[in-house]
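Right, one structure below, let's go through it.
The values are calculated or read from the model by the stated rules, or taken from the named source; none is laboratory data. Bear in mind the structure is a predicted one, so any value in this text is a computation, not a measurement. Reconstructed Cβ throughout: ideal geometry from the backbone, glycine too, with neighbour counts over all protein chains shown. For the accessible areas, the whole protein counts, side chains as well, though only heavy atoms, and no ligand, DNA or RNA atoms are used. Shrake-Rupley method; radii C 1.70, N 1.55, O 1.52, S 1.80 Å.
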Number of protein chains: 2
Amino acid sequence: MVQVTPSMRIGELSRRTGVSVRSLRYYEEQGLLASERSESGQRHYDAAAVERVAFIQRMFSAGLSSRTVADLLPCMDRPSHETSDAALERMAEERDRLSAYIVELLQTRDSLDELIGTNRAHRATL
Amino acid sequence: MVQVTPSMRIGELSRRTGVSVRSLRYYEEQGLLASERSESGQRHYDAAAVERVAFIQRMFSAGLSSRTVADLLPCMDRPSHETSDAALERMAEERDRLSAYIVELLQTRDSLDELIGTNRAHRATL
DNA sequence: TTTGCCCCTCACATGGATGTGAGCTTTTAG
DNA sequence: CTAAAAGCTCACATCCATGTGAGGGGCAAA
């Protein structure tokens, strides 16, 4: 039988995403990343998994917890009328949190720039 | 003798900054925040400490470790020719890291917006 | 003096993602 | 067929800022 979506095993997914095998298993444990199991119990992923892993990483790096991401993913997989008010609200909340965080970081970057500027100026007086 | 800078104790600094007493002691342990000790061993801070604590928090929230902040602070306290090349480079490095991070977060926010938009659209079809 | 609050140190706990290693099975390449 | 490479599970370790609690001192108001 020909594989329609040539499945990859965990090592390959790890290589393609740059995410450790350990972490991929963790994502599964947290309900973020599904896998088909072969008879012998090995995980197999379709090509879409690469994207999904990237998404998960982005969310993590934006400060969302695995729990939160788990709540969001269904809305991504099947955006439908089933999307509860709660989930929608949750997304908006996270978005706002992220926005505020970005603003904060921009200010922090300015602080750093100023700090660097001041020090460069002092160096120039050598 | 009149106190020129009326010193505050740790509880007050905590209140003014919103940072826990525990954390303030931790900052000191990490060499980020100095304090004068009274005879009985109690910490006293001058008004400038409030600003410094705020700065530390910003750096932390920008992902710098206490170690890194400790390396940066001398450049803030005494920007002078003594500012080593290494320190300056370090600052620039952190600035760039932060910049890259911000860009990433902006993209992530866009992802979230799109996700929210898609779901709202589906809700509208109810 | 007693009561109450703040401070001190020490040290163990927490959370969340990830690292690491043991012990064992499956797959693959020679 | 055999050995290397890759998977599996389980479970303990790590990092880092912070929480928490024990046990005890300092100091002001009643």
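Distance in nm between label sites at A:Ser111 and B:Glu29, each 7 Å beyond Cα in the beta-carbon direction?
Result: 2.2 nm between the two label points.
How many partner chain Cβ atoms sit within 10 Å of a residue's Cβ in peptide A:47-58, on average, as a whole number? Numbers along the way, then the final one.
Details: counts 0, 0, 0, 0, 0, 0, 0, 0, 3, 0, 2, 6.
Partner Cβ neighbours, averaged per residue: 1.
Pick from B:Thr108, B:Thr17, B:Thr83 the residue whose mean-square fluctuation is largest in a GNM of chain B, springs joining Cα atoms under 10 Å.
For chain B, modelled as a Gaussian network with Cα springs under 10 Å, the answer is B:Thr108.
Loop only per DSSP, at most 12 neighbouring Cβ atoms within 10 Å: give me the GluC sites (Glu not before Pro) in the range B:1-67, ordered by residue number.
Working: sites: B:Glu12, B:Glu28, B:Glu29, B:Glu36, B:Glu39, B:Glu51; in loops: B:Glu39.
In loop regions of the range B:1-67 (DSSP not H, G, I, E or B), the sparsely surrounded GluC sites (Glu not before Pro) are B:Glu39.
State, to one decimal in nm and shortest first, how far the label point of B:Ser61 sits from each corresponding label point in the other identical copies (label point: 7 angstrom along Cα-to-Cβ).
In nanometres, ordered from closest: 2.1.
In nm, what does the list of distances from A:Ser80 to its counterparts in the other copies look like, shortest first, when each label sits 7 Å along Cα to Cβ?
For A:Ser80, the other copies' label points sit at 6.9 nm, shortest first.
For the pair B:Glu36 and B:Val103, what calculated FRET efficiency results from E = 1/(1 + (r/R0)^6), where r is the Cβ-Cβ distance and R0 = 30 Å, to the nearest 0.05? Numbers along the way, then the final one.
Values: r = 42 Å, r/R0 = 1.41.
The computed FRET efficiency comes out at 0.10.
Just how far, in whole angstrom, is the range B:71-126 from the range A:41-86 if you go by their alpha carbon centroids?
23 Å
Within a 10 angstrom radius of each residue's Cβ in B:115-124, how many Cβ atoms of other chains show up on average? Whole number is fine.
6
For chain B, just say rounded, prolate or oblate: build the C-alpha gyration tensor, square-root its eigenvalues into a ≥ b ≥ c, call rounded for a/c under 1.5, and beyond that prolate if a/b exceeds b/c, oblate if not. Kindly include the intermediate steps, with their values, before the conclusion.
Numbers: a/c = 3.69, a/b = 1.75, b/c = 2.11.
Since a/c reaches 1.5 but b/c is at least a/b, the shape of chain B is classed as oblate.
Trypsin sites (Lys or Arg not before Pro) within the range A:58-96: which are DSSP loop residues with at most 11 other Cβ atoms inside 10 Å?
Numbers: sites: A:Arg58, A:Arg67, A:Arg90, A:Arg95; in loops: none.
Those that pass, being in a loop and sparsely packed, number zero.
Could you compute how much accessible area chains A and B hide from each other, both sides summed, with a 1.4 Å probe? Nearest 100 Å² is fine.
Values: alone 9420 and 9430 Å², together 14870 Å².
Summed over both sides, the interface buries about 4000 Å².
Can you list the copy-to-copy distances for A:Val50, using a point 7 angstrom from Cα toward Cβ, in nanometres, shortest first?
Here the equivalent label points are 5.4 nm apart from this one.
Roughly how crowded by other chains is peptide B:100-108, in terms of the mean Cβ count from those chains within 10 Å of each of its Cβ atoms? All intermediate terms of the calculation are to be shown ahead of the outcome.
Working: counts 0, 5, 6, 0, 4, 9, 3, 2, 13.
Whole-number average of other-chain Cβ neighbours for B:100-108 is 5.
Per-residue HN-Hα couplings for the range A:47-60, Karplus 6.51 cos²θ - 1.76 cosθ + 1.60 at θ = phi - 60°, whole Hz, x for Gly and Pro?
4, 4, 4, 4, 4, 5, 4, 4, 4, 4, 4, 4, 5, 4
Apply the Karplus parameterisation 6.51 cos²θ - 1.76 cosθ + 1.60, with θ equal to phi minus 60°, to every residue of the range B:86-95 and state each ³J(HN,Hα) to the nearest whole Hz, in sequence, with x for glycine and proline.
Calculated HN-Hα couplings, in order: 4, 5, 4, 4, 4, 4, 4, 4, 5, 4 Hz.
So, for chain A, what is the accessible surface per residue at a probe of 1.4 Å, expressed in square angstrom? Present the calculation step by step, with values, prior to reporting the outcome.
Numbers: 7440 Å² over 126 residues.
Each residue of chain A exposes 59 Å² on average to a 1.4 Å probe.
Using Cα springs under 10 Å in a Gaussian network model of chain B, which residue among B:Val50, B:Val103, B:Val21 shows the largest mean-square fluctuation?
Result for chain B, Cα springs under 10 Å: B:Val103 fluctuates most.
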